[in-house]
Amino acid sequence: MAKLLITGITGFVGAAVLRQIITEDHEITALVRPQTDPGRYQEFDGKITIQQMSLSDTAGLRDYLSGSDFEIIMHIGALRGGRKASQQEYYRSNVSSTEQMVDYCLGHQARLIFCSSVGVYGAIPQELPANYQTSKNPDNYYHYTKIEAEKIIGRAILHGLQAAIIRPSITYGKGDHGFPYQLIKLVARHQFPLINKRIWIHLCHIDALVLAFKLCLGKEFESGLVWNVADREPVQLNALVNFISRQLHSKNYPSILNVDRVFFGFGEKLARLARNELFISRFELISKSWFYDVQSYYKIIEDMELKPHYTIPDIQITIDDYLGK
């Protein structure tokens with residue numbers, strides 16, 4: 001029975017991963033931020049050990065790990081972008097915590113499975129599809145912290161760390177109310193400003209992401225493994241919006257609601273003047289293309305004869321969630 005430490009279980013991705021890995025083969029401990037509402041992890045009561053620990057508590061995390069004997073650390077938790085937190089808290093939560101776990105794994109010959117983000121390429125990659133040689137772009141502080149965390153892992157791999165890095169794209173599924181859910185809500189209300197140019201986006205079904213973690217957990221991997229994880233192919237934004245509209249209203253999205261690209265450029269400039277990272281990101285995600293090289297991940301999927309995910313029609317899972325089904 002392997003002893004496993006997991007972070008991020010009160011988040012959408014961490015909870016989904018944990019639901020799939022609770023087996024007799026693992027003795028699982030989860031780090032949960034102190035003062036977190038117990039209802040957010042109630043479903044796991046009696047199945048795992050809960051350790052109250054903030055990722056931003058660098059000294060406390062170091063002390064806790066020093067007295068532990070984990071064989072695997074699955075580090076999914078992070079302070080996400082757009083939160084009202086200082087850069088110091090972002091750094092401690094996302095970078096210093098990773099450094100502590102890397103040091104522990106090096107000293108105890110433990111494996112590290114780290115959840116990064118395709119955001120290391122920036123919100124909008126400098127080349128398409130973004131691939132493993134594409135330059136990193138710290139276009140906001142959250143992305144910067146993920147880049148720095150990956151650097152720490154990369155250096156440690158040279159000294160014997162066994163680590164894998166999983167970089168998910170924006171993820172969708174039941175229970176998540178992020179970008180895909182908000183897109184559906186705006187389309188449902190005829191409030192989504194669909195730009196009149198061809199935009200390609202690349203979302204990630206939650207099951208595709210969970211499978212990536214399970215594959216790394218279930219077998220020995222070559223240290224230094226990095227996977228960009230998203231659906232099998234990108235999708236045109238206007239095709240996705242029309243699909244959502246047909247599922248909700250039985251017809252395509254009204255063409256009268258198409259917006260000229262000049263408007264988006266003006267809106268992005270205003271957001272940058274206001275230094276609002278969240279609104280900058282929102283403008284970019286619906287006015288510029290972003291997609292990734294996922295071939296190495298899907299080669300494994302195809303070799304195992306597993307079903308890949310396609311945003312159309314798989315986004316139906318989030319449409320149903322929006323409708324309360």
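The values are calculated or read from the model by the stated rules, or taken from the named source; none is laboratory data. Keep in mind that this is a model prediction, so the values were computed, not measured. In this analysis, Cβ positions are derived from the backbone assuming ideal geometry, glycine residues included, and neighbour counts consider all displayed protein chains.
Below, the figures for the structure above:
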{"item": "Within the range 163-192, tally of residues that are polar (S, T, N, Q) and touching a helix residue (DSSP H, G or I) at 6+ places or on another chain (Cβ under 6 Å)", "result": "2"}
{"item": "Matching residues, the range 126-163, being without any contact (Cβ under 8 Å) to a residue 12 or more places away in the chain and either touching a Pro at 6+ places or on another chain (Cβ under 7 Å) or under 15 Å from Asn94 (Cβ atoms) (or both)", "result": "Tyr144, Lys151"}
{"item": "Some residue of the range 200-208 being modelled with pLDDT of 95 or more, part of a helix (DSSP H, G or I) and among the charged types (D, E, K, R)", "result": "yes"}
{"item": "Hey, Ser135 in a helix (DSSP H, G or I) and of a type in the set (Ser, Thr, Tyr) or not", "result": "no"}
{"item": "Considering residues of the range 117-152 that are aromatic (Phe, Trp, Tyr) and over 14 Å from the mean Cα position of the chain (by Cα) only, the residue nearest to Ser289 (Cα to Cα)", "result": "Tyr132"}
{"item": "When residues of the range 81-113 are limited to those that are under 30 Å from Ile199 (Cβ atoms) and of a type outside the set (Gly, Ala, Ser), the one surrounded by the most Cβ atoms within 10 Å (Cβ to Cβ)", "result": "Asn94"}
{"item": "Members of the range 39-70 that are within 17 Å of Asn94 (Cα to Cα) and of a type in the set (A, V, I, L, M)", "result": "Met53, Leu55, Ala59, Leu61, Leu65"}
{"item": "Candidate set from the range 287-322 (those that are free of Cβ contacts under 8 Å to residues at least 40 places away in the same chain and part of a helix (DSSP H, G or I)); member that is farthest from the chain's Cα centre (by Cα)", "result": "Asp303"}
{"item": "Evaluation of Ser56 against (1) buried (at least 18 other Cβ atoms within 10 Å of the Cβ); (2) part of a strand (DSSP E or B) (one fails), failing number", "result": "(2)"}
{"item": "Residues (more than 21 Å from the chain's Cα centre (by Cα) and buried (at least 21 other Cβ atoms within 10 Å of the Cβ)) located in the range 66-80", "result": "Phe70"}
{"item": "Matching residues in the range 30-57 - criterion: being hydroxyl-bearing (Ser, Thr, Tyr) and under 17 Å from Ala78 (Cα atoms)", "result": "Thr36, Tyr41, Ser54, Ser56"}
{"item": "Residue count, the range 201-235 (criterion: farther than 28 Å from Ile9 by Cβ and surrounded by fewer than 16 Cβ atoms within 10 Å (Cβ to Cβ))", "result": "1"}
